[in-house]
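Asks: Before we start, here is the structure in question, set down as structure tokens.
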Amino acid sequence: MSQEVNPINNQVDTATGVPVAPSLEPVLQAADVPVEAHLFDMRGVYITLLALVVGLLGALISRALIWLIRLITNVCFHGQFDGMKSINYPLVHPHWWVILVPIGGAIVIGFMARYGSRAVAGHGIPEAMEQVLTNESKIPPRLTFLKPVSAAISIGTGAPYGAEGPIIATGGAIGSLIGQVLSTTSSERKILLAAGASAGICAAFNCPIAAVLLAVELLLFEFRPRSLIPVAAASIVASGVHIAFEGREPFFTFGTNSLALPSQQAIAAYLVIGVIVGIGSVILTRTVLWIEHFFEHLPIHWMWHPALGAIVVGVIGYYYPNTFGSGYYNIDNLLANHLAISAIALLGIMKFLSWTISLGSGTAGGTLAPVFTIGGTLGAVCGVACSRWFPGIGINVGMAALVGMVGIFAGASRAFLTSAVFAIETTMQPAAIIPALGGCTMAYLVSCLLMRHSIMTEKMARRGVRVPEEYQPDFLDAIRVEDMMTRKPITLRDVDTVQTVREQLETDGAGNHQGFPVVNGNGALLGVVTRRDFLGKAALKKTMVELLQRPPVVIYEDLTLRDAARQMARHDIGRLPVIQRGTSQLIGILTRSDILRAHRMRAQEPTRSIRIFRGASKGALARPEDGH
């Protein structure tokens, strides 16, 4: 409603000379009462159609990035110009020059960050999160090209990362770009960004449900149909693209091992492993942050930091080439229990050192694959130890590795549901449901107890960016206006003069009230006047109806406090007359203080504990009102 609209046409009775109330019909038409929004509308359908396009583009670019990584890896390490050949195999006898390959790639990344965009470095997911939280989901278009190229160079030259983070960032950039080219709101751009990100991760792993949950937990920060439906649609399209390229086989396999449902004792063991990997997630996160802090204080320009970290990557890779690149084959070996415990422990330690130092130096790459490898080795070591010390409980070492994989990611990233579902979708093993959920739960619990922020949010928190950590419905949407409004408010008659009203207010003791509804003789609302309207001697002879300058902004009694808060914010007012739906009868008034009172009641709930049932004599249960 425009503030300049003024349907108040002051009229005077020609017989008595007394101002009379205007017609009520234009007043109610201009009242601009909000209507209850639908859960989904045609605008949502339009965004869903855009999300389908974003999902297809994000999935195709995800596949292109995987092809480019394979190409660079095969060229640099195997001398083969082939982007189709799988890189799920290590170097058998590396030459000394492999140490130079990661350094060369890191130097290129440093120049791209310096002269292109510094956003090319980093995990990928935190950068997308920050754009959602601070920049209305507007990712610079150049990152659509720079991010995947930098990630392909970094991973292809041996950096110990996965492509997941850059894939998520690139898919999100595509969604954001389409949202910027077309006319969309910031909320719609966020949905398209999340759709592109979930499509990218789904095209890589064929995990549509986990992809949707990842978008919810790390990008959307909400759970509502308007965002879930477009993101799910994009993930479904991306899943189809993955099947077209990779087939229907699970991404990770347990080899020829058949998985049976775990026993109660084995479930307890997996819970303990979840606690251990939860502690490991805290150590991993703090190590990365400490190394980042170390590099930030080096007396050389930051563009050279990736090259310094790459020296460590190259040296470790020379002696233990399984640490180069994504190394998804390592995860398959862990799940299939093909490695001796000494090889498992060595892989975990070397991957931990290589990845934390490289990531802390500021190069480009994703966290998922290396964190899975590190967590998988930790879980597998625990599984081997448990099977030797307690052979009767029937623990499966491969399952323990899976629990370690997803548990450490749940603890480090706080993407709890994503991690648990990811374990099921990527292995297609229903028997893993309880162990994976139990391990993620315990790791998540330990992480929340020991860390304030996750590996995704710590740096943002240090810069003052507030990241939502709890997703809950707006409780104002569950409280109706009639539950908090003031009934029978002080009203003013349309024919009263200012002088009369002043005397009346002094008598009634309404010193704290700033606004007053004006009604006619039938109790129908005409408008609202404030104490400011009473100022000046020139106003003394005016009637209330003459002071009305604009139609009233009202609310219905059956709407919610959320609707009322939006109405107040939209019109920059602090009070709303409450009228019956379909009439103009005033039944109450709602103020900012009433909404704050509802907030205060909600805020006190976590600290107000009561005992509902109390012990009574003779074994009876006493009701609280009995006073026993």
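The values are calculated or read from the model by the stated rules, or taken from the named source; none is laboratory data. Computed from a predicted structure; not experimentally measured. Counting neighbours? That spans all protein chains shown, and the Cβs are built from the backbone with ideal geometry, glycine included. The protein model used for the area step is the full one, side chains on, heavy atoms only, and it has no ligands, DNA or RNA in it. Shrake-Rupley method; radii C 1.70, N 1.55, O 1.52, S 1.80 Å.
Asks: If you check residue 335 against the conditions, is it farther than 17 Å from residue 282 by Cβ and open to solvent by 40 Å² or more (accessible area, probe 1.4 Å)?
Replies: Numbers: farther than 17 Å from residue 282 by Cβ: yes; open to solvent by 40 Å² or more (accessible area, probe 1.4 Å): no.
Taking the combined requirement at face value, the residue does not satisfy it.
Asks: Also: What about residue 291, is it within 30 Å of residue 120 (Cα to Cα) and either of a type in the set (A, V, I, L, M) or at pLDDT 95 or above (or both)? Steps first, please.
Replies: Numbers: within 30 Å of residue 120 (Cα to Cα): yes; either of a type in the set (A, V, I, L, M) or at pLDDT 95 or above (or both): yes.
Criteria met by residue 291.
Asks: Oh, and also: Of everything in segment 452-506, what is open to solvent by less than 30 Å² (accessible area, probe 1.4 Å) and closer than 19 Å to residue 593 by Cβ? Give them in sequence order.
Replies: Within segment 452-506, 476, 481, 484, 485, 489, 505 meet the criteria.
Asks: Which condition does residue 437 not pass, out of (1) farther than 25 Å from residue 133 by Cβ; (2) open to solvent by less than 70 Å² (accessible area, probe 1.4 Å); (3) under 21 Å from the mean Cα position of the chain (by Cα), if it passes all the others?
Replies: (2)
Asks: So how many residues does segment 451-499 have that are in contact with a helix residue (DSSP H, G or I) (Cβ under 8 Å, 6 or more places away or on another chain), free of Cβ contacts under 8 Å to residues at least 40 places away in the same chain and under 28 Å from residue 119 (Cβ atoms)?
Replies: Matching residues across segment 451-499 total 2.
Asks: Hey, another quick one. Where the second residue is of a type in the set (A, V, I, L, M, F, W, C) and assigned to a helix (DSSP H, G or I) and the first is without any contact (Cβ under 8 Å) to a residue 12 or more places away in the chain and surrounded by 12 or more Cβ atoms within 10 Å (Cβ to Cβ) and lies in segment 288-301, which pairs have Cβ atoms under 9 Å and are six or more apart or on separate chains?
Replies: So the pair list comes out as 298/304; 298/308.
Asks: What are the residues in segment 268-287 that are open to solvent by 40 Å² or more (accessible area, probe 1.4 Å) and within 22 Å of residue 395 (Cα to Cα), if any?
Replies: We begin by selecting, within segment 268-287, every residue open to solvent by 40 Å² or more (accessible area, probe 1.4 Å); these are 268, 271-272, 275-276, 279, 283, 286.
Across segment 268-287, the qualifying residues are 268, 271, 272, 275, 276, 279.
Asks: Among the residues of segment 148-168, are any acidic (Asp, Glu), under 30 Å from residue 77 (Cβ atoms) and open to solvent by 10 Å² or more (accessible area, probe 1.4 Å)?
Replies: Checked against the condition, which is being acidic (Asp, Glu), under 30 Å from residue 77 (Cβ atoms) and open to solvent by 10 Å² or more (accessible area, probe 1.4 Å), segment 148-168 yields no hits at all.
Asks: Starting from residues that are in contact with a Cys (Cβ under 8 Å, 6 or more places away or on another chain) and closer than 20 Å to residue 329 by Cβ, keep the ones in segment 233-257 and report whichever is surrounded by the fewest Cβ atoms within 10 Å (Cβ to Cβ).
Replies: 251
Asks: How many residues, within segment 25-77, are modelled with pLDDT under 85, out of contact with any helix residue (DSSP H, G or I) (no Cβ under 6 Å at 6 or more places or on another chain) and more than 24 Å from residue 166 (Cα to Cα)?
Replies: Looking only at that region, the number is 14.
Asks: Of all strands (runs of 3 or more DSSP E) completely enclosed by segment 519-625, which ones contain at least 1 residues that are at pLDDT 85 or above?
Replies: Here the list reads 575-579, 586-591.
Asks: Also, quick follow-up: Does residue 187 satisfy the condition of being modelled with pLDDT of 85 or more, surrounded by fewer than 17 Cβ atoms within 10 Å (Cβ to Cβ) and touching a Lys or Arg at 6+ places or on another chain (Cβ under 9 Å)?
Replies: Numbers: modelled with pLDDT of 85 or more: yes; surrounded by fewer than 17 Cβ atoms within 10 Å (Cβ to Cβ): yes; touching a Lys or Arg at 6+ places or on another chain (Cβ under 9 Å): yes.
Criteria met by residue 187.
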